[in-house]
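Here is the structure we will look at, set down as structure tokens.
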């Protein structure tokens with residue numbers, strides 16, 4: 001091999017540790033996700049880690065079912081069910097019902113299962129949100145229609161949420177940290193785009209409105225509920 005081989009690093013988003021999720025019922029248990037590596041779990045507050053990628057498949061790998069090497073984009077958990085995890089992978093939307101011990105696909109009727117962000121309703125642990133993006137080389141919604149997809153069944157059955165969102169000529173991306181959920185009774189959902197818009201829904205995704213425009217590319221959205 002080339003003499004500089006030992007110094008090579010993964011390109012693009014590779015080796016980016018982007019997700020940290022804590023199990024509220026088990027203070028020492030953390031889940032992390034790393035691009036081009038996969039998901040990992042610790043049960044001893046970070047002293048030791050193990051990969052939790054069984055069931056993931058990535059066709060770009062020499063071994064598509066390898067223990068490590070999968071490009072996980074985001075993991076979400078509802079605090080009332082810490083053993084259930086939802087994942088948006090480079091391709092595939094996945095679910096684990098055993099704290100990452102195994103995963104199964106829940107992409108179902110999504111128009112594409114590529115995307116970056118995934119989140120869970122504040123009060124309905126089986127209600128999940130994703131924003132499908134056309135492909136890993138074309139980072140915009142299918143057909144230029146910006147649509148959030150919601151499953152009320154924990155995956156597989158998805159409905160498109162379009163009211164108030166642009167349904168033509170919308171060629172923006174929604175990045176992994178650019179969706180947030182509030183804790184109000186009606187459950188607000190928010191997301192930002194690389195076009196500089198931030199959209200909000202005060203009714204759990206049934207309708208949307210832009211709350212700010214003309215920002216630079218939105219990398220992250222956070223929400224704080226004030227009493």
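Quick note: the coordinates plus some simple rules give every number you see, no bench work behind them. From a predicted model like this one, the values you see are computed outputs, not experimental measurements. All Cβ positions, even for glycine, are placed from backbone atoms using ideal geometry, and neighbour counts span all protein chains on display.
As an exercise: evaluate residue 159 against (1) under 18 Å from residue 109 (Cα atoms); (2) in contact (Cβ under 8 Å) with a residue 12 or more places away in the chain and give the number of the one condition it does not meet. Here residue 159 meets the rest and fails (2).
Here is a yes/no grid of residues against (1) more than 19 Å from residue 89 (Cα to Cα); (2) within 14 Å of the chain's Cα centre (by Cα); (3) crowded, with 17+ Cβ neighbours inside 10 Å:
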residue: 126; (1), (2), (3): no, no, no
residue: 148; (1), (2), (3): no, yes, yes
residue: 163; (1), (2), (3): yes, no, no
residue: 210; (1), (2), (3): yes, no, no
residue: 225; (1), (2), (3): yes, no, no
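Condition check for residue 120 on (1) farther than 18 Å from residue 218 by Cβ; (2) without any contact (Cβ under 8 Å) to a residue 60 or more places away in the chain: one failure, at (2). Can you tell me how many residues in segment 128-139 are buried (at least 20 other Cβ atoms within 10 Å of the Cβ) and in a loop (DSSP other than H, G, I, E, B)? Of the residues in segment 128-139, 1 are buried (at least 20 other Cβ atoms within 10 Å of the Cβ) and in a loop (DSSP other than H, G, I, E, B). Selection of segment 102-118 for residues being more than 16 Å from residue 154 (Cα to Cα) and either crowded, with 20+ Cβ neighbours inside 10 Å or out of contact with any strand residue (DSSP E or B) (no Cβ under 9 Å at 6 or more places or on another chain) (or both) yields 114, 115, 116.
Scanning segment 78-89 for residues that are free of Cβ contacts under 8 Å to residues at least 60 places away in the same chain and either in a strand (DSSP E or B) or touching a strand residue (DSSP E or B) at 6+ places or on another chain (Cβ under 6 Å) (or both) gives 78, 87, 89.
Residue 184 - would you say it is more than 26 Å from residue 114 (Cβ to Cβ), assigned to a loop (DSSP other than H, G, I, E, B) and either touching a helix residue (DSSP H, G or I) at 6+ places or on another chain (Cβ under 6 Å) or without any contact (Cβ under 8 Å) to a residue 12 or more places away in the chain (or both)? Break it down into steps so the answer makes sense when it comes.
Numbers: more than 26 Å from residue 114 (Cβ to Cβ): yes; assigned to a loop (DSSP other than H, G, I, E, B): yes; either touching a helix residue (DSSP H, G or I) at 6+ places or on another chain (Cβ under 6 Å) or without any contact (Cβ under 8 Å) to a residue 12 or more places away in the chain (or both): no.
For residue 184, the condition - more than 26 Å from residue 114 (Cβ to Cβ), assigned to a loop (DSSP other than H, G, I, E, B) and either touching a helix residue (DSSP H, G or I) at 6+ places or on another chain (Cβ under 6 Å) or without any contact (Cβ under 8 Å) to a residue 12 or more places away in the chain (or both) - is not met.
Identify all residues within segment 165-181 that are under 14 Å from the mean Cα position of the chain (by Cα) and part of a loop (DSSP other than H, G, I, E, B); write none if there are none. Walk me through how you get there before you give the answer.
Going through segment 165-181, the residues under 14 Å from the mean Cα position of the chain (by Cα) turn out to be 173-181.
Correct list: 173, 174, 175, 176, 178.
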